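First up is the structure itself, then whatever we jot down about it.
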Amino acid sequence: MAKKIDHIGIAVKSLEASLPLYTEGLKLNLLGIEEVESEGVKVAFLKVGESKIELLEPLHGESPIAKFIEKKGEGIHHIALGVDNIEDRIKQIKENGLEMINNEPKQGAAGAKVAFLHPKSTGRVLYELCEKPQKENK
Ligand code: ZN
C-alpha cells in the first residue's frame, strides 16, 4: 500500500540553527522552505535519494510541534509513507482496525494531501500518509 518512505519529519526549535548540520555537515541538498499554516509550522525539505528529511519548526506556541518539543525535546517526530489514492488508504486502514487522527486528508507542504495515524494504534510511532500532487507522482 505504501510506495516508499516519503520523508522523515524531525522537530527542531529553529530551522536557521538546525540547517547547517544538514546542508554543511551532511551535505544534503535543501529542496525548499515553506510555511504550512494549517499545522503552524515552517518546514524545510532536504533530499536523501528518493526520500527526504523534513525539518519542522513551530510558528507559534499552539503548534503541535511546539507541544512536541516542550514534552520530548527536538528529535524524530514522524515517518511519512508515500501513497496513491489517500482517501482509499485511510478507509482501508480504518477497516483494518487502526485509528486515524485525520479521517479526511488535509493540505500539507508542497501541495501534498496528508493524514496522520493515531500513535496509540501504531506502537506510539506517528505515521503520516502522504500523497503527492499528480505531476510529481512518478
Ligand atoms: Zn511530514
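No value in this document is a laboratory result; all are computed from the given coordinates. Treat the numbers as computed from the prediction; the structure is a model and nothing was measured. Counting neighbours? That spans all protein chains shown, and the Cβs are built from the backbone with ideal geometry, glycine included.
Annotations
- For the range 4-136, the relative contact order works out to 24 percent when only alpha carbon pairs closer than 8 Å and six or more residues apart are counted.
- For the chain, with +1 on Lys and Arg beta carbons and -1 on Asp and Glu, the positive-most of Ile93, Gly9, Leu55 along the dipole: Ile93
- Simple spin-label estimate for Arg124 and Glu104 in nanometres, 7 Å along Cα-Cβ: 3.3
- Under the Karplus curve 6.51 cos²θ - 1.76 cosθ + 1.60, θ = phi - 60°, whole-Hz ³J(HN,Hα) for the range 124-133, x wherever Gly or Pro sits: 6, 9, 8, 9, 10, 8, 9, 10, 6, x
- Taking amide H positions as modeled 1.01 Å from N, with prolines and chain starts lacking one, the residues under 5 Å from Val41 and 5 or more places away or on another chain are Val36, Leu59.
- Label-to-label distance, nm, for residues given as Ile76 and Asp88 (7 Å Cα→Cβ offset): 3.0
- Helix-only [θ]222 nm of the chain, DSSP H runs n ≥ 4, -39500 (n - 2.57) each, per residue, nearest 500: -5000 deg cm²/dmol
- Rounded to the nearest 20, the size of the Cβ-charge dipole of the range 35-138 about its Cα centre is 220 debye, with Lys and Arg at +1 and Asp and Glu at -1.
- Positive dipole terminus of the range 4-136, leading residue within Ala110, Ser18, Ala44 (C-beta point charges): Ser18
- Calculated FRET value between Gln134 and Thr23, using beta carbons and R₀ = 25 Å, to 0.05: 0.25
- Restricting the GluC sites (Glu not before Pro) of the range 79-124 to loop positions (DSSP other than H, G, I, E, B) with no more than 13 neighbouring Cβ atoms within 10 Å leaves Glu99.
- Of all DSSP beta bridges confined to the chain, the antiparallel ones make up roughly 75%.
- The HN-Hα couplings worked out from phi for the range 2-7 by the Karplus form 6.51 cos²θ - 1.76 cosθ + 1.60 (θ = phi - 60°) are 9, 8, 5, 6, 6, 7 Hz, whole numbers, x standing for Gly and Pro.
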